[in-house]
Amino acid sequence: MEKDAVKKALAVLRPAGIGLGLVAALATMPAAPALAQDTAATDQGTAAAASVAAPTVTVVPARQTQVTQIVSASGNLLAREDVVVSARVSGAEITELLADVGDTVSKGDILARLNDQTLRAQLAQADANLAAAQATIAQGEGQLASANATARQAVTALERNTQLRRDGAVSQSALDQAQASADSANATVQTAQAAIAAGNAQMAQAEAARDIAALNLSWATVTAPVDGIIADRSAKLGDLSAAGTAMFDMIRDSVIEAEFQIVETDLVKVSVGNTASVQVAGLPARSGIVRRISPQVDPVSRLGTVRVSIDDQTGLRAGIFASADIQTDQRMALTVPVSAVTTTGGDSVVQKVVDNTVAQTSVALGVVSGGMREITAGLAEGENVLLRAGAFFRTGDKVTPVAPEQGAATDTDTAEVSE
């Protein structure tokens with residue numbers, strides 16, 4: 001090694017006219033090791049200086065932005081209002097079904113027909129009873145007219161006999177006979193009037209029976225009570241109807257909405273009228289509005305029910321899974337990017353940069369909105385924090401802060417230095 005160094009020195013010094021003796025003398029001097037040590041020391045100093053250079057980091061200021069508070073929920077689609085169509089008469093055979101599941105119907109459309117032979121016979125019987133009552137009344141009215149005529153004659157005879165008795169022209173017995181005839185005629189009038197009253201009552205009863213028979217006959221034709229869509233059909237041809245038993249289930253006005261179960265701590269944040277973004281399985285997201293909030297919370301599950309009306313009804317089917325983000329509040333708040341917040345020892349922290357020095361600070365958090373995290377305590381507006389908080393830096397580390405647009409190209413270098 002030393003011989004090689006001497007040869008190199010000779011090659012340099014010959015052109016300069018330096019004597020070989022001098023070169024040889026220099027080669028034998030013990031200064032070479034010292035020169036090598038100085039060079040190594042210089043190299044180590046340069047490396048040490050490079051190692052303490054402050055790494056470049058991207059910082060962002062805490063600032064006021066608009067945040068939106070969201071409550072997330074999941075549930076299912078169902079009919080806003082279920083309508084049950086049932087038979088109103090019992091024992092009538094179902095002879096015709098004119099609607100099936102999925103059919104859209106209007107109020108009054110015929111859904112089914114029942115065998116109405118018995119019902120028609122009952123109506124005919126009621127009509128006959130009504131006619132009989134009317135005839136009884138007519139007969140009574142005739143009897144009343146005759147009784148009134150007889151009574152008038154009896155009264156006239158009584159008055160005449162009374163006058164004649166005063167004149168002594170007739171005996172007292174004749175007067176008594178006239179009085180009895182008048183009383184009998186008046187009693188006959190009262191009897192005729194009572195018969196007419198009884199006939200009127202009988203006719204009212206017959207009219208009521210006739211109305212019931214006509215109503216039963218009308219119920220032999222089962223119609224849609226509202227506009228909507230047929231969701232289910234349990235009726236079958238040949239079955240006997242049973243009053244109160246469902247034949248069809250309808251969705252009124254074909255309106256589908258979502259029902260969500262929300263935990264009680266979030267339920268108190270939701271109000272009727274809050275807007276929502278509803279995601280339906282297999283369908284595009286669509287907007288909705290909170291229509292109804294249940295006044296009760298299940299004591300076991302601690303969940304409350306929220307109904308959300310959906311604007312776009314296209315493709316909705318009862319029973320499909322759905323989820324929603326319900327917007328419960330919107331306000332201006334102090335925020336930092338979500339990536340600027342980390343967790344250490346169970347505490348939420350950010351890493352502030354003050355005078356090019358990292359300072360880890362505990363903060364209280366609010367909602368997450370649009371990639372920003374609300375800071376409710378622990379940080380002031382305008383204070384700079386590391387854009388990406390993490391374990392690379394500790395309190396007291398020196399850094400070179402740059403704005404996000406400047407730091408985009410240096411993130412990789414910073415990670416390498418931190419490692």
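The values are calculated or read from the model by the stated rules, or taken from the named source; none is laboratory data. Note that this is a predicted model, so its numbers are computed, not measured. Quick reminder, even Gly has a Cβ in these numbers, built from the backbone with ideal geometry, and neighbours come from all protein chains shown.
For the range 169-181, the tally of residues that are modelled with pLDDT of 80 or more and either surrounded by 14 or more Cβ atoms within 10 Å (Cβ to Cβ) or under 24 Å from I137 (Cα atoms) (or both) stands at 3.
Yes or no, residue by residue, for (1) modelled with pLDDT under 95; (2) among the β-branched types (V, I, T):
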| position | (1), (2) |
| --- | --- |
| T265 | yes, yes |
| V278 | no, yes |
| L283 | yes, no |
| V290 | no, yes |
| I293 | no, yes |
| P299 | yes, no |
| R307 | no, no |
| G319 | yes, no |
| A322 | no, no |
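Being surrounded by fewer than 13 Cβ atoms within 10 Å (Cβ to Cβ) and among the basic types (K, R) narrows it down to one of R160, R152, R166, so name that one. Quick ask: steps written out before the conclusion?
Values: R160 fails: surrounded by fewer than 13 Cβ atoms within 10 Å (Cβ to Cβ); R152 fails: surrounded by fewer than 13 Cβ atoms within 10 Å (Cβ to Cβ).
R166 is the lone residue from the list that is surrounded by fewer than 13 Cβ atoms within 10 Å (Cβ to Cβ) and among the basic types (K, R).
Which of (1) surrounded by 15 or more Cβ atoms within 10 Å (Cβ to Cβ); (2) among the aliphatic types (A, V, I, L, M); (3) free of Cβ contacts under 8 Å to residues at least 24 places away in the same chain; (4) part of a helix (DSSP H, G or I) does A187 not meet, given it meets every other one? The single condition A187 does not satisfy is (1). Flag not set for S271, criterion: over 21 Å from I70 (Cβ atoms), part of a loop (DSSP other than H, G, I, E, B) and of a type in the set (S, T, Y).
Return yes when E381 is outside the structural domain of S287 (by TED's automatic domain parsing), part of a loop (DSSP other than H, G, I, E, B) and either closer than 30 Å to P284 by Cα or among the acidic types (D, E) (or both) and no when it is not. Spelling it out, E381 is indeed outside the structural domain of S287 (by TED's automatic domain parsing), part of a loop (DSSP other than H, G, I, E, B) and either closer than 30 Å to P284 by Cα or among the acidic types (D, E) (or both). With respect to A333, is the statement that it is among the small types (G, A, S), within 13 Å of A73 (Cα to Cα), assigned to a strand (DSSP E or B) and touching a residue at least 12 places away in the same chain (Cβ under 8 Å) true? Against the criterion (among the small types (G, A, S), within 13 Å of A73 (Cα to Cα), assigned to a strand (DSSP E or B) and touching a residue at least 12 places away in the same chain (Cβ under 8 Å)), A333 does not qualify. Residue selection: V300 fails the criterion of being out of contact with any helix residue (DSSP H, G or I) (no Cβ under 7 Å at 6 or more places or on another chain) and under 30 Å from T376 (Cα atoms). Would you confirm, using the coordinates I've provided, whether P295 is over 15 Å from the mean Cα position of the chain (by Cα) and not assigned by TED's automatic domain parsing to the domain that holds L123? In short, no.
Being over 30 Å from A220 (Cβ atoms) and in a helix (DSSP H, G or I) is the requirement here; does A133 meet it? Here the answer is no, as A133 does not meet what is asked. Checked against the criterion of being modelled with pLDDT under 95, within 30 Å of the chain's Cα centre (by Cα) and over 30 Å from I326 (Cα atoms), the candidates G142, G102, G91 yield just one match: G102.
Which ones in the range 276-313 are free of Cβ contacts under 8 Å to residues at least 24 places away in the same chain and surrounded by fewer than 15 Cβ atoms within 10 Å (Cβ to Cβ)? Spell out the reasoning first.
Initial filter on the range 276-313 (free of Cβ contacts under 8 Å to residues at least 24 places away in the same chain): 284-285, 289, 292, 294-296, 298-300.
Of everything in the range 276-313, those that are free of Cβ contacts under 8 Å to residues at least 24 places away in the same chain and surrounded by fewer than 15 Cβ atoms within 10 Å (Cβ to Cβ) turn out to be P284, A285, R292, P295, Q296, D298, P299, V300.
Close contacts from the range 99-119, counting a first residue that is in contact (Cβ under 8 Å) with a residue 12 or more places away in the chain and more than 15 Å from D249 (Cβ to Cβ) and a second that is surrounded by 14 or more Cβ atoms within 10 Å (Cβ to Cβ) and aromatic (F, W, Y), with Cβ to Cβ under 9 Å and a gap of 6+ residues or different chains, come to L114/W219; L119/W219. Here V71, V170, V155, V67 are screened, and the one residue that is assigned to a loop (DSSP other than H, G, I, E, B) and either assigned by TED's automatic domain parsing to the domain that holds S181 or out of contact with any Pro (no Cβ under 9 Å at 6 or more places or on another chain) (or both) is V170.
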